[in-house]
1. What do you reckon, is residue 244 within 30 Å of residue 144 (Cβ to Cβ), aliphatic (A, V, I, L, M) and not assigned by TED's automatic domain parsing to the domain that holds residue 148?
2. Pick from 119, 187, 192, 140: which is over 20 Å from residue 80 (Cα atoms), at pLDDT 90 or above and acidic (Asp, Glu)?
3. Please work out which one of (1) in a helix (DSSP H, G or I); (2) over 25 Å from the mean Cα position of the chain (by Cα) is the condition residue 112 fails and give its number.
4. I'd like the full set of residues that are out of contact with any Cys (no Cβ under 8 Å at 6 or more places or on another chain) and in a loop (DSSP other than H, G, I, E, B), limited to the stretch 1-36.
5. Please specify each residue of the stretch 64-86 satisfying the condition of being under 21 Å from residue 121 (Cβ atoms) and assigned to a helix (DSSP H, G or I).
6. Are there helices (runs of 4 or more DSSP H) fully within the stretch 226-323 with at least 3 residues that are at negative phi and among the basic types (Lys, Arg)? List them.
7. What pairs can you find where one residue is in the stretch 29-40 and under 21 Å from residue 157 (Cβ atoms) and outside the structural domain of residue 160 (by TED's automatic domain parsing), the other is among the charged types (D, E, K, R) and surrounded by fewer than 20 Cβ atoms within 10 Å (Cβ to Cβ), and their Cβ atoms are less than 9 Å apart, with a gap of 6+ or different chains?
8. Can we say residue 90 is over 20 Å from residue 26 (Cα atoms) and touching a residue at least 60 places away in the same chain (Cβ under 8 Å)?
Amino acid sequence: MANPLIGKSEETIISALQALLPPLSNCWGRPQQFVQESVPVLTEQLECSPADAGELAVNTYRQVSRLRNMQFRPLGKLTTLDYAYTRLVPTATDSPLRQGYLWLAYQIQKSAVEYLQTEEAQKAMSKLKQAIGENKVLFEGLVAGGEDDRSLTLEKVERIMTTMAEKVFGEDVPGLHPAALVGWAIEFAREEARAPKDHDLLHDSAEHLTEENRQLLALLEPVRKGELNEAYTRFARMNEQQKAKRFDQLRKALGKDIANLAVYAPQGFERFCIAMEALLFPYPASLEWLRSYLKPIYTNAAQSTVFDNCLTEPAVAQRYAKLMEEKSANLVMLELSRAFALAKLNRLESPEIVNFLDKLDLPKQFAWPATLAELKQRMRG
C-alpha cells in the first residue's frame, strides 16, 4: 500500500490527525469502529484511497492508545495534564505524526478527566465497582496461570474491563466514558499494588479504603501481573549494555536503602520485590523488571548461616556489629541475613509458639523418659 502522507505538508498531516478527535472520542475502546469512522475523514483530508486511510487509522489508534497509557492516563488533574503535555511537545517537533498522536492522546485524557469530575461519572463509577466485585472470580482466573505465564498484560485487563463496562452501561454511551472509568480503576489498582505502606500486603489490610473501593481490590493481582509481564517483555528486548545499566541502578539503590528494605525480605520474595520496585519506580512510573537480579541475592541471604548460632536478638546484634567491622563485609547480604534471623527469632518467640511449648507434654506425646532413672534404664537397653 502507498503511504498517504508522502508529499503532504506538516500542517496537512497534523490537521488530518486532529480531525480524528470526534471519532476517536466516540469510539475509544472500540478500535474497529474507530477505523470505520476514520476512513472517510482521512480519505477527504489526505486525498488518499480508503485502504491507505484504513491502515493509517489502525496505526493512529495504536499509537495514541500507547501514548495515553504511558504518558497521560495516571494524571487525574487538568493542571498536571497540561504541564505534562507542554513538557512533551518539544520531543515531537521533528515528526508531524508524533505531534498529531501526542495531541490526540492529550485531548482524549483531557476529556476523560473532565468527564470523571461529573456527577454522572461518579454514579457510573459506583456501578462499575459493583460489577468488578461481582466478577471477582473472573479476575482471579486471570492470574491462575502461574509465575511463568506471560500472556496477561495491562492491555488485556483493560480490554476485559472495557467489555464489562459496556455491558453495564450499554453501547449507546460515548466510548470514552466507560474507557475513562476503566482507566481510573486500573490506575487505582496500579497505585494500590505498588507502594508498601506497611509490612503487610495492602489487599490483606486495607483499612484506608472505603467499602465501595474494596470492590476494586479484585483488580490488584491482575493489574500487577500484567504490568510485571510488560516489564519483563521490555527487559527481554534490552541489550547487554542496557541490562548492565539496570543492574548498576539496582546495586546503588540496594547499597543506599537496604536497611529499610530488608524488613520485607522475611515475608517472601514477592513482598521483597514489591518493596524494591516501589523504591526505584514509585507510582506512576512504569514498572521495570528487577527480579533476574534480585532472585540470587535473596536466595543467598535466605540460606545464609552467619547468624545460625545466635539464639537471641542481642546475640544477632553482636554478631552483626562484629561482621560489619570486617573490610570485606557485604552490607546487602548482612542486612538481609539479619532480617531473616530476627524474623526466625520472632516466630519462635510468638505467643502461639510459647504457649504450645508450655503445654507440650513430651513424655506423653513422644514417650520420652520423664526421670533420670528412666533415662538410664533406656540407655542400658
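The values are calculated or read from the model by the stated rules, or taken from the named source; none is laboratory data. The structure presented is a predicted model; accordingly, all values stated were derived computationally and were not measured. Ideal geometry is used to build each Cβ from the backbone, glycine not excepted, and the neighbour counts take in all protein chains shown.
1. Numbers: within 30 Å of residue 144 (Cβ to Cβ): no; aliphatic (A, V, I, L, M): yes; not assigned by TED's automatic domain parsing to the domain that holds residue 148: yes.
When the stated conditions are applied, residue 244 does not pass them.
2. Details: 187 fails: over 20 Å from residue 80 (Cα atoms); 192 fails: at pLDDT 90 or above; 140 fails: at pLDDT 90 or above.
So the residue among 119, 187, 192, 140 that is over 20 Å from residue 80 (Cα atoms), at pLDDT 90 or above and acidic (Asp, Glu) is 119.
3. The failed condition is (2).
4. 1, 3, 5, 6, 7, 8, 9, 19, 20, 28, 29, 30 - these are the residues of the stretch 1-36 that are out of contact with any Cys (no Cβ under 8 Å at 6 or more places or on another chain) and in a loop (DSSP other than H, G, I, E, B).
5. Across the stretch 64-86, the qualifying residues are 65, 68, 69, 72, 78, 79, 80, 81, 82.
6. On the way: elements: 240-261, 269-280, 291-302.
Fully inside the stretch 226-323 and qualifying: 240-261.
7. 29/159; 29/166; 30/166; 30/171; 31/62
8. On the way: over 20 Å from residue 26 (Cα atoms): yes; touching a residue at least 60 places away in the same chain (Cβ under 8 Å): no.
No; evaluated as a whole, the condition is false for this residue.
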